[in-house]
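Here's the structure we're looking at; comments come further down.
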Ligand code: SAH
């Protein structure tokens, strides 16, 4: 299996959920990177996808998804589709995924990549993800792949009661990937997962252009 090494690296990074490890083994990352980067797709490293944006390294993607504790029936909102790799993993682990990407050409790549990989339960929407996707709310889980100083209010509002949200929170030199949960109508901070470097969440409720 071409992704055995990647799965092993992710397992050693602390991910134990068998469904998530199986999703990584079954999702060909080479279909979710630009053609010139296909030889690097099996490595645990970020890959540039244009517009100065990198896809996150797979072990970080896995750690963030792991924190959502998806069991199958969830509706998930993803902000920052990129080339759709994380979208494809989420689609294997949940019932329906909605993913918002601000760059139309990246969204188009992601749609084509997802279709080629046989993913039918993920919808990619072009727009400002800092506003969420009110027409499809509520979401059982929200995952944000770009950093801001705080969780945009619309994302907290659109999260279902009991739902989980993972997002990098900008904190000076690094971003701190943080897990939140919604209890009694309020977003509560749960724990820090890891420091990392993300691109800014550019938008009305994120970082102004
Ligand atoms: N989840 C992707 C990450 C791509 S990088 C992956 O695993 O590969 C982050 C993405 O967030 C970029 O594609 C960038 O264009 C997008 N982005 C940044 N701000 C955004 C916003 N306000 N709304 C939607 N997408 C945004």
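Taking segment 127-166 as the range and being in contact with a helix residue (DSSP H, G or I) (Cβ under 8 Å, 6 or more places away or on another chain) and assigned to a strand (DSSP E or B) as the test, the residues that pass are 139, 142, 143, 144, 148, 165, 166. In segment 180-204, the residue that is nearest to the ligand (Cβ to nearest atom) out of those that are surrounded by fewer than 18 Cβ atoms within 10 Å (Cβ to Cβ) and in a loop (DSSP other than H, G, I, E, B) is 204.
Which members of segment 45-67 meet the condition of being free of Cβ contacts under 8 Å to residues at least 60 places away in the same chain, more than 8 Å from the ligand (Cβ to nearest atom) and loosely packed, with under 15 Cβ neighbours inside 10 Å? Passing the criteria: 45, 48, 50. Out of curiosity, is residue 108 over 23 Å from residue 50 (Cα atoms), at pLDDT 95 or above and assigned to a helix (DSSP H, G or I)? Considered against the rule, which asks whether it is over 23 Å from residue 50 (Cα atoms), at pLDDT 95 or above and assigned to a helix (DSSP H, G or I), residue 108 comes out as no.
Of the residues contained in segment 135-145, one or more are found to be farther than 26 Å from residue 58 by Cβ and either crowded, with 22+ Cβ neighbours inside 10 Å or without any contact (Cβ under 8 Å) to a residue 12 or more places away in the chain (or both).
Yes or no: residue 94 more than 10 Å from the ligand (Cβ to nearest atom), surrounded by fewer than 16 Cβ atoms within 10 Å (Cβ to Cβ), on the phi < 0 side of the Ramachandran plot and modelled with pLDDT of 95 or more? No: the conditions fail for residue 94.
The values are calculated or read from the model by the stated rules, or taken from the named source; none is laboratory data. Quick caveat: nothing in here was measured; it's all calculated off a predicted structure. Cβ atoms come from the backbone with ideal geometry, glycine included; neighbour counts cover every protein chain shown.
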